[in-house]
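None of the figures in this text is laboratory data; all of them are computed from the coordinates on show. Given the structure is predicted, the values throughout are model-derived calculations rather than measurements. Cβ placement follows ideal geometry from the backbone for every residue including glycine, while neighbour counts extend to all protein chains displayed.
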Ligand SMILES: [Zn+2]
């Protein structure tokens, strides 16, 4: 799989400094593109300000789609310093870290 585009979403979570939620309107628009065969949604990304690039308990509790890759960026003092990617388990009960690389 090759990521050709990353689309930023407004964080529509009730507490955006502690949680994330993708704009459902954006998600629907991207799903329409995917259904046309022009692209595929591979996953989503979010950051952990002053946290680690590891899934939080909230992240683990928020797995609803086992086929979407999660990219988590650790940010300190406004600068990204680490990223990691994870694939949910088939039962959505947790994650396995997966490797990504630049092509
Ligand atoms: Zn998180």
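Report, to two decimal places, the Cα Rg of the chain normalised by 2.2 N^0.38 Å (N = number of residues).
In units of the 2.2 N^0.38 Å rule of thumb, it is 1.08.
Give the angle, between 0 and 90 degrees and rounded to the nearest 10, that separates the Cα long axis of helix 24-35 from the longest principal axis of the Cα atoms of the chain.
40
If I model a spin label at residue 54 and residue 19 as a point 7 Å from the Cα along the Cα→Cβ vector, what separation in nanometres do I get?
It is 2.3 nm.
So for the chain: antiparallel DSSP bridges make up what percent, rounded to the nearest 5?
Counting only bridges with both partners in the chain, antiparallel ones make up about 65 percent.
Antiparallel DSSP bridges in the stretch 32-92: what percent, to the nearest 5?
Details: 7 of 14 bridges.
Taking every DSSP beta bridge with both residues in the stretch 32-92, the antiparallel ones total about 50 percent.
Using 0.36 nm per residue, how much length does the chain from residue 81 to residue 34 gain when fully extended, once their Cα-Cα distance is taken away?
The residue 81-residue 34 span can extend by a further 13.8 nm.
How much mean residue ellipticity at 222 nm does the chain get from its helices, if each DSSP H run of length 4 or more adds -39500 (n - 2.57) and you divide by all residues, to the nearest 500 deg cm²/dmol?
-4500 deg cm²/dmol
Shape verdict for the stretch 42-98, please, from the Cα gyration tensor: rounded (a/c under 1.5), prolate (a/b greater than b/c) or oblate.
Cα axes put the stretch 42-98 in the prolate bin.
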